[in-house]
Amino acid sequence: MRCGFCLPTCPTYALTGRERSSPRGRVALARAVAEKKLEFTPAIKEEAFFCLDCRACTTACPSGVRAGEVMEMCRSQAHAFYPLGKMGKAFREFILQKMVPSPKMMETSMLPTRLYQRLGIQWLVRHLKVLKLGPEWMNKAEGMLPELEKPLRPQLPDIVAARGEKRGRVGFFLGCVMTLMYPNVSRNTVRVLTHQGFDVVTPKDTKCCGAPHLSEGDRETARQLALFNLDLFLAQDVDYIVTDCAGCGAALKEYEELLAERAEHEKLSRFREKIRDISEFLVEVGLRTEGLQEVRARVTYHEPCHLCHAQGISAQPRQLIRQIPGVELREMQEASWCCGSAATWGLKFSQDSQKVLDRKLDNVKASGADILITANPGCHLQLAWGVRQAGMPQDVLHLMELLGRALPPD
Ligand code: SF4
Ligand code: SF4
């Protein structure tokens with residue numbers, strides 16, 4: 001329709017003011033390529049990767065155009081039109097096809113980083129500011145690292161039994177970033193679920209959901225991972241499949257489309273019917289509030305793009321926050337505006353990312369909250385880093401960590 005309703009919602013259009021960096025412009029370019037009116041030029045490749053895939057335009061579009069997903073496809077095409085050199089290709093294939101799909105390899109790869117932190121090398125590197133001499137992305141990536149604990153996956157029992165009156169049995173999809181970087185978040189998710197009366201089954205063989213592959217244009221590896229997870233979770237005797245990672249949830253809900261020609265329709269719809277984000281799930285089944293302890297805090301909520309735009313989940317996290325005794329929710333302006341993380345976007349376009357983040361942090365400051373809540377590890381890393389850099393006092397927590405504070409001690 002070219003109505004332009006999407007323009008004011010697009011962070012890259014806000015940054016550049018360029019039509020080609022807007023959802024409408026991007027879709028027009030992709031369409032011209034599909035209709036063979038335009039070659040797949042370097043500028044189209046650039047726009048495909050400059051799109052945050054935040055899906056804010058999808059929420060705004062009255063015709064249901066999904067520019068973010070169109071750009072995901074263009075990234076796939078970009079690799080065909082502009083193949084990487086031998087070394088670049090081998091490195092990319094190793095990371096996306098070997099390392100990320102292997103939970104064990106991912107866990108082993110974090111060992112040197114844990115040692116780097118434990119042995120005080122990180123302290124030295126930060127104080128001597130040596131990374132300022134290298135590329136900007138490296139300095140930012142290092143600065144974003146949270147204090148790493150041991151991965152959660154090997155520590156979580158296969159089944160954790162429900163507490164109190166049992167209400168059901170859920171499969172827990174433990175995301176890669178959660179187990180490696182935010183084990184405390186998923187530990188709290190399991191605590192919350194069991195306190196709510198659910199047995200929690202965590203299949204240890206779970207592989208990456210495929211979101212990083214979709215974002216990097218490797219749809220084939222994403223399909224293989226999706227097929228594996230589909231069979232793994234359908235073999236469990238569970239009523240629901242729950243995740244605490246907005247990015248994983250969005251990817252899992254898109255398996256139906258991703259695997260449309262590769263898996264039986266019946267299996268795909270059975271899987272889709274069971275997938276829930278944790279906040280969506282808790283509101284649907286009804287949060288049991290008896291026994292919740294008071295948490296005195298003023299909190300504000302940043303909506304992860306992959307929760308509000310990709311999954312349409314916006315009211316549920318707020319409802320849960322309001323149900324925690326003692327918590328005051330202070331809405332920030334533009335809560336659903338991207339934080340500038342978007343997988344590797346925040347590292348590839350670090351200066352643009354900083355501008356998007358600054359806008360978010362101004363809104364956090366104005367809210368007057370002491371705690372900034374989110375529900376996605378990518379946002380968590382970016383916001384926690386931004387808050388530290390800006391010398392702001394707010395703690396950044398996942399919603400399940402906040403809810404975990406209200407639970408009685410185990
Ligand atoms: S993508 Fe949707 S909102 Fe944007 S111009 Fe086209 S029809 Fe309008
Ligand atoms: S997904 Fe986000 S960055 Fe990409 S075109 Fe849509 S609004 Fe813009």
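Descriptive notes on the structure:
- Alpha-carbon gyration tensor eigenvalues x 5, square-rooted, for the range 292-406, Å: 23, 15, 12
- Rounded if a/c under 1.5, otherwise prolate or oblate - the range 240-288, Cα gyration tensor axes: oblate
- With a simple spin-label model that places each label point 7 Å from the Cα along the Cα-to-Cβ direction, the separation between I159 and R298 comes to 4.7 nm.
- Cut-off 13 Å between beta-carbons: net charge of the residues surrounding A384, Lys and Arg +1, Asp and Glu -1: 0
- For the chain: Kirkwood Rh in Å [reciprocal of mean 1/r, alpha carbons]: 22.2 Å
- Cα convex hull, the range 113-203: 100 Å³ per residue, rounded to a whole number.
- Annotation: extensible slack from E46 through A260 equals 74.2 nm (criterion: 0.36 nm per residue apart, minus Cα-Cα distance).
- Residue-span extension gain [E147 to T108] - 0.36 nm each, minus C-alpha spacing: 12.4 nm
- Relative contact order (%) - criterion: Cα under 8 Å, at least six apart; region: the chain: 15 percent
- Cysteines (scope the chain) whose Cβ has no counterpart Cys Cβ under 4.7 Å: C3, C10, C51, C61, C74, C176, C208, C308, C339, C379
- Each label point was placed 7 Å from the Cα along the Cα-to-Cβ direction; for R66 and E19 their separation is 2.7 nm.
- Whole-number percent relative contact order across the range 1-70, with pairs defined as alpha carbons under 8 Å at least 6 apart: 36 percent
- For the range 159-284: relative contact order, % (alpha-carbon pairs under 8 angstrom, 6 or more apart): 28 percent
- Three semi-axes of the equivalent ellipsoid, the range 1-112, Cα gyration tensor, whole Å, largest first: 31, 18, 12
- Modelled spin-label separation between L119 and A28, with each label point placed 7 Å from Cα along the Cα-to-Cβ direction: 5.5 nm.
- Binning the alpha carbon pair distances of the range 170-241 at 10 angstrom intervals from zero yields the distribution 19, 44, 30, 6, expressed in whole percent.
- Normalised size of the range 216-326, defined as Cα radius of gyration per 2.2 N^0.38 Å with N residues, equals 1.25.
- Amide H to amide H distances under 5 Å link A369 with no residue, where only residues 5 or more positions off or on other chains count and H is placed in the peptide plane.
Readers should treat all values here as calculations from the given coordinates under stated rules, not as data from a laboratory. Model, not experiment: these values are computed from the prediction. Virtual Cβ from ideal backbone geometry, glycine too; neighbours counted across all protein chains shown.
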